[in-house]
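Just so it is clear, none of the values below were taken in a lab; they were calculated from the coordinates. Please read all numbers here as calculations on a predicted model, not as lab measurements. Quick reminder, even Gly has a Cβ in these numbers, built from the backbone with ideal geometry, and neighbours come from all protein chains shown.
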Amino acid sequence: MPTLTASRIRVIAGTVLALGVFAGCSASGAGTSDPYAPAAASSTQTTTQPTPQSTTSQTAASAPTLRMADTALGSVLVDGKGMTLYLFTKDSPNTSTCTGGCLAAWPALLGVPTPGAGVDDSKLGSFRRGDGSVQATYNGWPLYFWAKDTKPGDTTGQNVQSVWFVISRDGNPVK
């Protein structure tokens, strides 16, 4: 068996990284130049009860807290750190169509959500994504962050491509 030297490890790591980048790019809406276009819908299983976390995407101890926060767009849904959450109008209840490159720009909120200040507890839920991870939902909408929001209260993802919106307490897009 060949010895793994530091240089071989770097080559292997670089190859794995390159394959991951290639896979992410090719999955984001084949045939389109739109880097935020979703890939085909993935199969999902709906659940509103706590389920085990995917160890590949976050630790089992993670349970995102959702709360309402005042922003320039009014009171909107945020995570426990105050980062704005978004819905994608091309999704359907408990089903995400955002995969590959779309997830690079719009990272999914993973985990079974817990209620925080101002949220309607009855609207909290989650589902299992095609990759096995558990994504949080509010009023059935899969929840996402916008990669260009850099601090709590940012809402720069609002109305991107006329399909991404912040979420009101009643669980609807704020337009």
The range 62-137: which trypsin sites (Lys or Arg not before Pro) are DSSP loop and have at most 14 other beta-carbon atoms within 10 angstrom?
-> Lys81
Taking the Cβ of Tyr138 as the center, what net charge do the other residues with Cβ under 13 Å away carry, scoring Lys and Arg +1 and Asp and Glu -1?
-> -2
Does the range 100-152 classify as rounded, prolate or oblate by the C-alpha gyration tensor (a ≥ b ≥ c root eigenvalues; a/c under 1.5 gives rounded; else a/b over b/c gives prolate, otherwise oblate)?
-> oblate
For Asn159, distant residues with modelled amide H under 5 Å away = Trp164, Phe165, Val166
Calculate the translational D of the range 67-175 in whole µm² s⁻¹ from Stokes-Einstein, where the hydrodynamic radius comes from the Kirkwood formula applied to all Cα pairs, the temperature is 10 °C and the viscosity 1.306 mPa s.
-> 118 µm²/s
Between Ser122 and Lys151, what is the FRET efficiency for a Förster distance of 25 Å, r being their Cβ-Cβ separation, to the nearest 0.05?
-> 0.25
